[in-house]
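**Student:** Please read through the structure below; I'll follow up with questions.
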Amino acid sequence: MSIELIESDKQVIEWFAAGKVEDFPVDAGVAVKYKDTQLAVFYFSDSNKWYASQNLCPHKLEMALSRGLIGSEGEEPKVACPFHKKTFSLKTGACLSGDELEISTYAVKIEDGIVKIGITE
Ligand code: FES
């Protein structure tokens, strides 16, 4: 069993089983439905790390981040919204393009081949 924990200082209240590892795209994001909202899940093959965030871009409130381009800025994994290219850290949720915007990010672990997202709220 392999567990990959992404740093988060928030208290996880539920590990949401988002799906099987093999059903997620490599080096891209995908939206998953969680209750009445959507989360975005990303897999970076270079580092073999998973990240999750809200799918809603806080700029113009588009459900879009899962379709954004992913990459890294130094050690910082990031996603750029496909609409206006606002870029967010997938670790801290901070906007890296200088705007007063922020997204929620979540811990991810892989357990028995299942991608689990650490819901914090
Ligand atoms: S809606 Fe995402 S950057 Fe504008």
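**Student:** Could you list, in sequence order, the residues of region 34-47 that are farther than 13 Å from residue 64 by Cα, free of Cβ contacts under 8 Å to residues at least 40 places away in the same chain and of a type outside the set (A, V, I, L, M, F, W, C)?
**Tutor:** 35, 36, 43, 45, 46, 47
**Student:** From the list 61, 69, 65, which residue is modelled with pLDDT of 95 or more, more than 26 Å from residue 114 (Cβ to Cβ) and either touching a Pro at 6+ places or on another chain (Cβ under 8 Å) or surrounded by 23 or more Cβ atoms within 10 Å (Cβ to Cβ) (or both)? Don't jump to the end; show me each part of the working.
**Tutor:** On the way: 61 fails: either touching a Pro at 6+ places or on another chain (Cβ under 8 Å) or surrounded by 23 or more Cβ atoms within 10 Å (Cβ to Cβ) (or both); 65 fails: more than 26 Å from residue 114 (Cβ to Cβ).
Selected residue: 69, the only one of 61, 69, 65 that is modelled with pLDDT of 95 or more, more than 26 Å from residue 114 (Cβ to Cβ) and either touching a Pro at 6+ places or on another chain (Cβ under 8 Å) or surrounded by 23 or more Cβ atoms within 10 Å (Cβ to Cβ) (or both).
**Student:** Here is a further query. Of everything in region 77-114, what is farther than 19 Å from residue 63 by Cβ and assigned to a strand (DSSP E or B)? Give them in sequence order.
**Tutor:** Hits for region 77-114 are 77, 89, 94, 107, 108, 109, 110, 111, 114.
**Student:** Also, I was wondering about something else. Taking the condition polar (S, T, N, Q) and over 23 Å from residue 100 (Cβ atoms), does residue 66 pass? Full working, then the answer.
**Tutor:** Details: polar (S, T, N, Q): yes; over 23 Å from residue 100 (Cβ atoms): no.
Judged against the criteria, residue 66 is not a match.
**Student:** Has region 86-101 got at least one residue that is away from the ligand (no atom under 16 Å from the Cβ), in contact (Cβ under 8 Å) with a residue 60 or more places away in the chain and either within 10 Å of the chain's Cα centre (by Cα) or surrounded by 21 or more Cβ atoms within 10 Å (Cβ to Cβ) (or both)?
**Tutor:** Restricting attention to region 86-101, the residues satisfying the condition of being away from the ligand (no atom under 16 Å from the Cβ) are 91-92.
If we keep only those that are in contact (Cβ under 8 Å) with a residue 60 or more places away in the chain too, we end up with 91.
Filter once more, keeping what is either within 10 Å of the chain's Cα centre (by Cα) or surrounded by 21 or more Cβ atoms within 10 Å (Cβ to Cβ) (or both): 91.
Checked against the condition, which is being away from the ligand (no atom under 16 Å from the Cβ), in contact (Cβ under 8 Å) with a residue 60 or more places away in the chain and either within 10 Å of the chain's Cα centre (by Cα) or surrounded by 21 or more Cβ atoms within 10 Å (Cβ to Cβ) (or both), region 86-101 yields at least one hit.
**Student:** For region 24-58, which residues satisfy the criterion of being within 11 Å of the ligand (Cβ to nearest atom) and either of a type in the set (A, V, I, L, M) or surrounded by fewer than 19 Cβ atoms within 10 Å (Cβ to Cβ) (or both)?
**Tutor:** Hit for region 24-58 is 56, nothing else.
**Student:** Could you give every pair whose Cβ atoms fall below 7 Å, whose first residue belongs to region 56-81 and is of a type in the set (Lys, Arg), and whose second residue is within 14 Å of the ligand (Cβ to nearest atom) and outside any strand (DSSP E or B), counting only separations of at least 6 or pairs across chains?
**Tutor:** That search, which allows pairs on different chains as well, returns 60/83; 67/82; 78/96.
**Student:** Further, regarding this structure: Collect the residues in region 68-78 that are more than 10 Å from the ligand (Cβ to nearest atom) and under 13 Å from residue 29 (Cβ atoms), keeping them in residue-number order.
**Tutor:** Step one: list which residues in region 68-78 are more than 10 Å from the ligand (Cβ to nearest atom), which gives 69-78.
Listed by number, the residues that qualify are 69, 70, 71, 77, 78.
**Student:** Right, something else. Would you mind stating whether residue 118 is assigned to a strand (DSSP E or B), surrounded by 12 or more Cβ atoms within 10 Å (Cβ to Cβ) and away from the ligand (no atom under 15 Å from the Cβ)? Step through it out loud before you land on a result.
**Tutor:** Working: assigned to a strand (DSSP E or B): yes; surrounded by 12 or more Cβ atoms within 10 Å (Cβ to Cβ): yes; away from the ligand (no atom under 15 Å from the Cβ): yes.
Criteria met by residue 118.
The values are calculated or read from the model by the stated rules, or taken from the named source; none is laboratory data. Computed from a predicted structure; not experimentally measured. As a convention, Cβ positions derive from the backbone with ideal geometry for all residues, glycine included, and neighbour counts pool all protein chains shown.
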